[in-house]
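Asks: One structure, as structure tokens, below. Some questions next.
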Amino acid sequence: MTTWILNALFVDGDRQLVKRHLKVQDGKIAEWADGSASPDTNGCEVIDASGKLLSPGFIDMHVHLREPGFEYKETIASGTRSAAKGGFTTIACMPNTRPVTDTPETVRYVLDKAASEGVVKVLPYAAITKNELGRELTDFAALKEAGAIGFTDDGVGVQNAQMMKNAMALAKSLGLPVIAHCEDDSLVEGAAVTEGAFSRKHGLKGIPNESEAIHVGRDILLAEATGVHYHVCHVSTEQSVRLIKLGKSVGVNVTAEVCPHHLVLSDEDIPDTMDANWKMNPPLRTPRDVEACIRALEEGTIDIIVTDHAPHSAEEKARGMERAPFGIVGFETAFPLLYTKFVRTGRWTLGFLLSRMTSDPARVFGLDTGKLEPGAPADLVLIDLENEREVDPEAFLTRGRNTPFAGWKLYGWPTLTMVDGRVVWTEEEGIR
Ligand SMILES: [Zn+2]
């Protein structure tokens with residue numbers, strides 16, 4: 001099976017968009033042809049990509065697919081369809097399912113479901129502790145054997161330092177990373193928003209920045225002691241950035257991720273209606289933290305962008321700011337949001353944004369995708385950079401409608417997504 005993608009725009013170096021043709025064969029990128037050439041497309045499938053950007057498919061190393069156990073929020077089928085529509089071709093799913101993904105059977109269940117019902121590549125994480133309760137380590141070796149790509153108790157922090165150190169030593173011996181949701185429970189106690197202007201105005205208890213940064217600092221020391229690859233989830237504070245920078249500067253194997261919402265929203269943007277579509281964990285922080293996270297991404301202290309796609313039902317999110325669960329959906333707005341807010345405004349180059357969503361996550365997690373080189377898997381996305389469109393949650397393929405970006409006018413909408421050389425979604429036809 002051979003496909004020619006004709007007349008696509010390709011980011012050459014960092015700034016220049018050049019026209020090229022791309023040949024895809026047997027699921028892999030075969031060769032490039034100059035835009036002025038006329039390749040022989042006889043007997044091939046042809047995709048006309050005129051005027052569209054061609055990028056490696058996006059990689060999202062932090063998502064919640066909710067299956068098994070919370071199928072009313074999302075399924076592997078609906079979540080991967082949402083990912084495809086957002087231009088993502090590889091996603092790594094968190095283990096806070098029901099049951100928690102803490103046994104080889106559950107890891108295999110996720111992989112089997114993804115193979116039979118998913119439309120993009122799914123990489124499962126397994127829990128650090130049984131049931132994510134922080135009391136007893138899971139069987140790391142068996143979980144790796146079943147296909148887990150790393151260990152995390154995402155959703156909660158590992159409260160006990162010795163437990164975390166043991167986990168890191170074990171993960172190191174198996175050559176897998178520890179991915180940490182950093183949150184000290186004793187400093188949070190039921191708060192829903194950050195300590196800042198919004199919490200003061202509404203008399204709400206706030207989540208202090210230290211609740212995140214204390215774990216980041218502790219874990220960097222433990223990573224130094226154990227030598228493990230330690231990856232910090234959804235960085236949201238200036239203090240965490242400072243500690244990660246310090247860790248990197250002394251050679252600790254620490255990497256970090258940041259979410260689009262922590263780059264474009266602060267607590268000062270939360271509407272007074274207390275709409276829980278603005279509630280996520282970590283919470284929206286202060287403008288100072290937002291700027292610190294942007295700078296950290298720019299200078300490489302934060303390595304990659306992830307969505308922390310976290311669907312919930314409408315009923316759950318209607319419970320209000322204090323009682324609704326944390327989280328927002330992310331796949332279908334991530335690229336348009338960042339492209340509109342950072343590239344069209346001239347702060348970032350297109351090449352910079354694409355690398356943080358493709359080649360950088362591939363490098364950090366040792367994946368064979370995220371690049372447009374011959375021999376690489378043909379995991380691709382075409383993007384329309386010129387047409388402005390409103391975010392319409394009713395048109396989402398995720399089951400979640402929980403987004404603070406409804407009605408935002410954005411550019412940079414994907415039009416076609418290909419996984420291993422097979423078109424899995426197009427704007428015109430939807431999921432194939
Ligand atoms: Zn988390």
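Asks: Please state which one of SER359, SER313 is more than 21 Å from VAL391 (Cβ to Cβ) and out of contact with any Ser or Thr (no Cβ under 8 Å at 6 or more places or on another chain). Quick ask: steps written out before the conclusion?
Replies: Numbers: SER313 fails: more than 21 Å from VAL391 (Cβ to Cβ).
Checking each option against the conditions leaves just SER359.
Asks: Restricting the stretch 218-240 to residues that are over 16 Å from ASN281 (Cα atoms) and touching a residue at least 60 places away in the same chain (Cβ under 8 Å), which is farthest from the ligand (Cβ to nearest atom)?
Replies: ALA225
Asks: How many of the residues in the stretch 243-266 are surrounded by fewer than 24 Cβ atoms within 10 Å (Cβ to Cβ), charged (D, E, K, R) and under 22 Å from ARG347 (Cβ atoms)?
Replies: So the answer is 1.
Asks: Looking at (1) modelled with pLDDT of 95 or more; (2) surrounded by fewer than 24 Cβ atoms within 10 Å (Cβ to Cβ), which one does ASP272 not meet, given that it meets all the others?
Replies: (1)
Asks: Right, ALA126: crowded, with 23+ Cβ neighbours inside 10 Å, at negative phi, free of Cβ contacts under 8 Å to residues at least 40 places away in the same chain and touching a helix residue (DSSP H, G or I) at 6+ places or on another chain (Cβ under 7 Å) or not? Working first, answer last.
Replies: Numbers: crowded, with 23+ Cβ neighbours inside 10 Å: yes; at negative phi: yes; free of Cβ contacts under 8 Å to residues at least 40 places away in the same chain: yes; touching a helix residue (DSSP H, G or I) at 6+ places or on another chain (Cβ under 7 Å): yes.
Yes.
Asks: Is there a residue in the stretch 313-325 that is under 20 Å from ALA83 (Cβ atoms), more than 16 Å from the ligand (Cβ to nearest atom) and outside any helix (DSSP H, G or I)?
Replies: Initial filter on the stretch 313-325 (under 20 Å from ALA83 (Cβ atoms)): 313.
Those left that are additionally more than 16 Å from the ligand (Cβ to nearest atom): 313.
Still in the running and outside any helix (DSSP H, G or I): 313.
There is at least one residue in the stretch 313-325 that is under 20 Å from ALA83 (Cβ atoms), more than 16 Å from the ligand (Cβ to nearest atom) and outside any helix (DSSP H, G or I).
Asks: Quick one: which of LEU263, LEU174, LEU170, LEU222 is within 19 Å of ARG288 (Cβ to Cβ), of a type outside the set (Lys, Arg) and at pLDDT 95 or above? Full working, then the answer.
Replies: On the way: LEU174 fails: within 19 Å of ARG288 (Cβ to Cβ); LEU170 fails: within 19 Å of ARG288 (Cβ to Cβ); LEU222 fails: within 19 Å of ARG288 (Cβ to Cβ).
Sole residue among the options that is within 19 Å of ARG288 (Cβ to Cβ), of a type outside the set (Lys, Arg) and at pLDDT 95 or above: LEU263.
Asks: Restricting to the stretch 168-185, give me the number of residues that are within 16 Å of the ligand (Cβ to nearest atom) and part of a helix (DSSP H, G or I). Walk me through how you get there before you give the answer.
Replies: Narrowing the stretch 168-185 to residues within 16 Å of the ligand (Cβ to nearest atom): 177-185.
Checking which are part of a helix (DSSP H, G or I) leaves us with 185.
Result for the stretch 168-185: 1.
Asks: Which of the residues that make up the stretch 44-94 are among the polar types (S, T, N, Q), under 18 Å from GLY430 (Cα atoms) and either surrounded by fewer than 24 Cβ atoms within 10 Å (Cβ to Cβ) or within 16 Å of the ligand (Cβ to nearest atom) (or both)? Even if it seems obvious, please write down each step before you answer.
Replies: Filtering the stretch 44-94 for residues among the polar types (S, T, N, Q) gives 50, 55, 75, 78, 80, 82, 89-90.
Imposing the further condition that a residue be under 18 Å from GLY430 (Cα atoms) reduces the set to 75, 78, 80, 82, 89.
Hits for the stretch 44-94 are THR75, SER78.
Asks: It is to be established whether one or more residues within the stretch 27-47 are at positive phi and either in a loop (DSSP other than H, G, I, E, B) or modelled with pLDDT under 95 (or both). Walk me through how you get there before you give the answer.
Replies: As a first pass, look at the stretch 27-47 and keep what is at positive phi: 27, 43.
Then drop every residue that is not either in a loop (DSSP other than H, G, I, E, B) or modelled with pLDDT under 95 (or both), which leaves 27, 43.
Within the stretch 27-47, one or more residues are at positive phi and either in a loop (DSSP other than H, G, I, E, B) or modelled with pLDDT under 95 (or both).
Asks: Scan the stretch 357-369 and tell me whether some residue there is surrounded by fewer than 16 Cβ atoms within 10 Å (Cβ to Cβ) and assigned to a loop (DSSP other than H, G, I, E, B).
Replies: yes
Asks: If you go through the stretch 136-153 one residue at a time, do you hit one that is without any contact (Cβ under 8 Å) to a residue 12 or more places away in the chain and in a loop (DSSP other than H, G, I, E, B)?
Replies: Within the stretch 136-153, one or more residues are without any contact (Cβ under 8 Å) to a residue 12 or more places away in the chain and in a loop (DSSP other than H, G, I, E, B).
The values are calculated or read from the model by the stated rules, or taken from the named source; none is laboratory data. Only a predicted model underlies this, so the values are computations on that prediction, with no experimental measurement involved. Glycine also receives a Cβ, built like all others from the backbone with ideal geometry; neighbour counts cover every protein chain displayed.
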